[in-house]
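One structure is given here, and the rest of the page talks about it.
Nothing in this text is a laboratory measurement; each read-out follows from the coordinates by a stated rule. Everything numeric here is computed off the predicted structure, so don't read it as measured data. Glycine gets a Cβ as well: all are built from the backbone with ideal geometry, and neighbour counts include every protein chain shown.
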Amino acid sequence: MNASDLRKKSVSELEETIVELRREQFNLRMQRAQGQQAQLHQVKRARRDIARVKTVIGEMERKSKS
């Protein structure tokens with residue numbers, strides 16, 4: 001997920017993306033707790049994607065205030 005792709009989306013689409021990513025992050029945590037997850041890098045990727053989307057939303061909000 002690239003920040004340039006995220007900047008093309010609207011704020012409501014980005015908020016939906018955050019919900020999907022949080023759901024994915026929760027499912028990965030549950031898999032890890034049960035010992036089913038073999039690919040631990042997916043947790044890190046989900047966390048960073050959430051931060052990336054939040055950053056783009058913040059940029060859009062600051063840009064609209066100016």
Fully extended, how many nm does the chain gain between residue 37 and residue 55 (0.36 nm per residue separation, minus their Cα-Cα distance)?
3.7 nm
Residue-wise HN-Hα coupling along segment 24-39, computed from phi with Karplus coefficients 6.51, -1.76, 1.60 (Hz; x: Gly, Pro):
5, 4, 4, 4, 5, 5, 5, 4, 5, 5, 8, x, 9, 7, 9, 10
Residue 45-residue 2 pseudo-label distance in nm [points 7 Å out on the Cα-to-Cβ vector]:
1.7 nm
Long-range amide H contacts for residue 37: which residues qualify at under 5 Å (H placed 1.01 Å from N, peptide plane, sequence gap of 5 or more or a different chain)?
32
Partner lysines for residue 44 [C-alpha distance under 16 Å; skip if fewer than 8 residues away on the same chain]
54
To the nearest 20 Debye, how big is the dipole of segment 15-58 about its Cα centre, given +1 on the beta carbon of each Lys and Arg and -1 on that of each Asp and Glu?
260 debye
Which whole-Hz couplings ³J(HN,Hα) result when phi for each residue of segment 54-59 is put into the Karplus expression 6.51 cos²θ - 1.76 cosθ + 1.60, θ = phi - 60°, listed in order with x for Gly and Pro?
4, 5, 5, 4, x, 4
Report the rotationally averaged projected area of the chain based on its alpha-carbon convex hull, in square nanometres.
4.5 nm²
Please arrange 28, 40 by how many other C-beta atoms lie within 10 Å of their C-beta, fewest to most.
40, 28
Once every DSSP H run of n ≥ 4 in the chain is given -39500 (n - 2.57) and the sum is divided by its residues, what mean residue ellipticity at 222 nm do you get, rounded to the nearest 500 deg cm²/dmol?
-27500 deg cm²/dmol
